[in-house]
Amino acid sequence: MIVRQLCVRQSRQLLACNRQALILRRFSSTETTVDAPVRGAQTLLEFSTASESVRLAAQEAWSKAEERRHAFRGLGSVVRNAYKPEDTIQNPPTPSAVTLELLLASQTHLGHSTSRWNPQNSRYIFGIRDDIHIISLDVTAAYLRRAAKIVEEVAARGGLILFVGTRKGQKRAVVRAAELAKGYHIFERWIPGSLTNGEQILGHCETKVVNAMDEELPHFKDNLTDRAALKPDLVVCFNPLENVVLLHECGLNNVPTIGIIDTDADPTRVTYPIPANDDSLRSVGVIAGVLGRAGEAGQKRRLESAQKGELTYKPVHIEELTGSLDN
């Protein structure tokens, strides 16, 4: 817009100069032949002076426009601490960084309608707002830190951690948490009997044996053909309502569980409940990220202990393993 105005202004000034030159030319043609050279020289001098002033004016206007354009870039407000959805998944917070403000912004305090509540969740409820139960964030933060400590200790002792989230949209958070904790994940469907009848369902799966430094030991493969299917040492479930069969099988096999318990869920289904909103993807992303960071810290501790020669579990030699299989 500024360049267009400058062009229009320059064209008008040139048109005025040309009009003056035309008038002077007509006036000089009516003069005598003696005064014609003098009038022509004056006309050329005035025209050159006018064109030079137009050029200088255009150059000055252009420089002022450039100054305004550069000054415009520095105007406006500076946005800090803006919410970026990818940060919760790619760079989740640590358990020590969990604050009530973070939980409030992640909508972990929103429960269900009062008509759908489970009375066993009364100790987790802060109050009621517009016929919706509000979960106490103090309780959520305390239970979340406890669950993170459990995940860290299980990972530090080389345990198998399974992250389960089968609702739509939870896949990325579940996979990211499993990657951080070096665990396993399920985001589609739990196959009933995977724990109670694991020999038939998971017996064909290949088992990989590693040492304390997570280095694969290939000479163990031939001795693990008839070994029973492995079971997780800890199961983290982000939607317990849809995975009642999984939680029941974990109870039958004495596998501890961690689950997000909303106001309509049964807290006795899991071993370590985390009272929070399980319908919000932001809430699930924050909780999954915190537990994944805890598992990452546990794996780091385990590797550091292995490098120092301090094992947190009893090493198994191949002779012992083959002897147990033969018996």
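The values are calculated or read from the model by the stated rules, or taken from the named source; none is laboratory data. Every value quoted in this text rests on a predicted model; they were computed, and no experiment measured them. Note: accessible area is taken over every heavy atom of the protein model, side chains too, but ligands, DNA and RNA are not part of it. Shrake-Rupley method; radii C 1.70, N 1.55, O 1.52, S 1.80 Å.
3J(HN,Hα) along the range 60-77: 5, 5, 5, 5, 5, 5, 5, 4, 5, 5, 5, 6, 5, 5, x, 7, x, 8 Hz, from the Karplus curve 6.51 cos²θ - 1.76 cosθ + 1.60 with θ = phi - 60°, whole Hz, x for Gly and Pro.
Share of the range 110-222's accessible area from carbon and sulfur, percent, 1.4 Å? The nonpolar share, carbon plus sulfur, comes to 51 percent. Partner aspartates and glutamates whose Cα lies under 20 Å from the Cα of residue 231, excluding those fewer than 8 positions away in the same chain, are identified as 152, 153, 179, 188, 199, 206, 214, 216, 249.
Evaluated at 37 °C with a viscosity of 0.692 mPa s, what Stokes-Einstein diffusion coefficient in µm²/s does the range 196-312 have when Rh comes from the Kirkwood expression over alpha-carbon pairs? The estimated diffusion coefficient comes to 195 µm²/s.
For the range 64-113, state the average projected area of the convex hull of the C-alpha atoms over all orientations, rounded to one decimal in nm².
Average projection, Cα convex hull of the range 64-113: 6.6 nm².
Rg and Dmax, both from the Cα atoms of the range 255-310 and both in Å, are 15.2, 48.
Using a/c under 1.5 as the rounded threshold, could you call the range 177-260 rounded, prolate or oblate? The axes a ≥ b ≥ c are square roots of the C-alpha gyration tensor eigenvalues, and prolate needs a/b larger than b/c, oblate otherwise. Here the range 177-260 falls in the oblate category. Once backbone amide H atoms are built at 1.01 Å from N, residue 185 has 163 as its partners under 5 Å, excluding neighbours fewer than 5 places away on the same chain. Taken over the range 228-282, the percentage of Cα pairs per 10 Å bin, counting from 0 up to the bin with the maximum distance, is 26, 54, 18, 3.
The calculated pair-distance distribution of the range 134-234 uses every alpha carbon pair, bins of 5 angstrom beginning at 0, and gives 2, 10, 15, 19, 21, 17, 8, 4, 3, 1, 0, 0 percent.
Working from the Cα coordinates of the range 134-179, the gyration tensor eigenvalues give, after taking √(5λ), semi-axes of 21, 19, 7 Å in decreasing order.
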